[in-house]
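Engineer: Take this structure, written in structure tokens, and hold onto it; I'll ask about it next.
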């Protein structure tokens, strides 16, 4: 029997929720996750870059979970191998590390077991494993999408147009924010007036991201479902958002469930803002903090030459 091939796959990171788009809105960004697979006698996993912080055992790792799910769906035995997984950001920061890993694993498992799983099924499985569609659709398809439940138990993923000069900065603190903990503080009910205000934000934000209108972006980023409840869990987050806006950002909010802060800016202004944020991060956290510059990535996960 022929030995399985060496494989290399790259998957975009993603920022989700984005203000009022709770469990709905995601944007793929070009600071992604890479996985290299090589055949071996038994499974092993090595993490590089920011992912060295992950405490997960190999069986719990999102990449391995995705690979095993693909093999199970195809009724095949997954060939053992060595995985090397790397990313420039740590896990638990709201950059979709879990969703990217699951998508990478599903695609690797599908390829290693002979293929046969169409993209539509892979997306359904990624959503099921991840629990929500936003990071999964960003990782697999790339681009920006507004995902809503359909009448068949699935989701519709509506492409969102972003201005070509939109850029992102991620302020990454030295501490994670586990999604399970972040969800515990969410309100189970909200006042009617708050629900009405929340409904008003989405169109403003989407129009602002298409036109780079700073007033629409800042108004559109206001959120009363998750950001307000989660900010007190993250030391320095509220002050960092205020600092970014005062420094000239188009707007700022939590990335995903946190702990990273998503800062929106534009080409031509990103470098100056990045320098100011890095100085602020240095004063707050020394070398333990990080600022990552990124832009939207319109391509989803793809295999590269190994």
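Engineer: With 299, 228, 210, 279 as the choices, which residue is on the phi < 0 side of the Ramachandran plot, surrounded by fewer than 22 Cβ atoms within 10 Å (Cβ to Cβ) and not assigned by TED's automatic domain parsing to the domain that holds residue 172?
Structural biologist: Details: 228 fails: not assigned by TED's automatic domain parsing to the domain that holds residue 172; 210 fails: not assigned by TED's automatic domain parsing to the domain that holds residue 172; 279 fails: not assigned by TED's automatic domain parsing to the domain that holds residue 172.
That would be 299, the only listed residue that is on the phi < 0 side of the Ramachandran plot, surrounded by fewer than 22 Cβ atoms within 10 Å (Cβ to Cβ) and not assigned by TED's automatic domain parsing to the domain that holds residue 172.
Engineer: Ok, one more. Return only the number of the condition from (1) touching a strand residue (DSSP E or B) at 6+ places or on another chain (Cβ under 7 Å); (2) touching a residue at least 12 places away in the same chain (Cβ under 8 Å); (3) within 28 Å of residue 231 (Cα to Cα) that residue 158 does not satisfy.
Structural biologist: So residue 158 meets the others, but not (3).
Engineer: If the requirement is being over 20 Å from residue 255 (Cβ atoms), in a strand (DSSP E or B) and not assigned by TED's automatic domain parsing to the domain that holds residue 181, which of these qualifies: 35, 29, 77, 63? Quick ask: steps written out before the conclusion?
Structural biologist: Working: 29 fails: over 20 Å from residue 255 (Cβ atoms); 77 fails: in a strand (DSSP E or B); 63 fails: in a strand (DSSP E or B).
It is 35.
Engineer: Pick from 109, 114, 99: which is crowded, with 24+ Cβ neighbours inside 10 Å and out of contact with any strand residue (DSSP E or B) (no Cβ under 7 Å at 6 or more places or on another chain)? Don't jump to the end; show me each part of the working.
Structural biologist: Details: 114 fails: crowded, with 24+ Cβ neighbours inside 10 Å; 99 fails: out of contact with any strand residue (DSSP E or B) (no Cβ under 7 Å at 6 or more places or on another chain).
After applying the criteria, what remains is 109.
Engineer: Taking residue 26, is it modelled with pLDDT of 95 or more, surrounded by fewer than 19 Cβ atoms within 10 Å (Cβ to Cβ), over 20 Å from residue 304 (Cα atoms) and touching a strand residue (DSSP E or B) at 6+ places or on another chain (Cβ under 9 Å)? Break it down into steps so the answer makes sense when it comes.
Structural biologist: Details: modelled with pLDDT of 95 or more: yes; surrounded by fewer than 19 Cβ atoms within 10 Å (Cβ to Cβ): no; over 20 Å from residue 304 (Cα atoms): yes; touching a strand residue (DSSP E or B) at 6+ places or on another chain (Cβ under 9 Å): yes.
It is false that residue 26 is modelled with pLDDT of 95 or more, surrounded by fewer than 19 Cβ atoms within 10 Å (Cβ to Cβ), over 20 Å from residue 304 (Cα atoms) and touching a strand residue (DSSP E or B) at 6+ places or on another chain (Cβ under 9 Å).
Engineer: From (1) without any contact (Cβ under 8 Å) to a residue 60 or more places away in the chain; (2) in contact with a helix residue (DSSP H, G or I) (Cβ under 6 Å, 6 or more places away or on another chain); (3) in a helix (DSSP H, G or I), pick out the condition that doesn't hold for residue 45.
Structural biologist: In the conditions (1) without any contact (Cβ under 8 Å) to a residue 60 or more places away in the chain; (2) in contact with a helix residue (DSSP H, G or I) (Cβ under 6 Å, 6 or more places away or on another chain); (3) in a helix (DSSP H, G or I), residue 45 misses (3) alone.
Engineer: May I ask you to list the residues in the range 117-136 that are surrounded by 24 or more Cβ atoms within 10 Å (Cβ to Cβ) and farther than 15 Å from residue 66 by Cβ?
Structural biologist: Of everything in the range 117-136, those that are surrounded by 24 or more Cβ atoms within 10 Å (Cβ to Cβ) and farther than 15 Å from residue 66 by Cβ turn out to be 133, 134.
Engineer: A follow-up question, please. Of the conditions (1) modelled with pLDDT of 95 or more; (2) at positive phi; (3) touching a helix residue (DSSP H, G or I) at 6+ places or on another chain (Cβ under 8 Å), residue 143 fails just one. Which one is it?
Structural biologist: Going through (1) modelled with pLDDT of 95 or more; (2) at positive phi; (3) touching a helix residue (DSSP H, G or I) at 6+ places or on another chain (Cβ under 8 Å) one by one, residue 143 breaks only (3).
Engineer: Going through 255, 259 one at a time, which residue ends up being under 14 Å from residue 19 (Cβ atoms) and buried (at least 17 other Cβ atoms within 10 Å of the Cβ)? Don't jump to the end; show me each part of the working.
Structural biologist: Working: 259 fails: under 14 Å from residue 19 (Cβ atoms).
Checking each option against the conditions leaves just 255.
The values are calculated or read from the model by the stated rules, or taken from the named source; none is laboratory data. Everything quoted here is computed from the prediction, not taken from an experiment. Cβ atoms come from the backbone with ideal geometry, glycine included; neighbour counts cover every protein chain shown.
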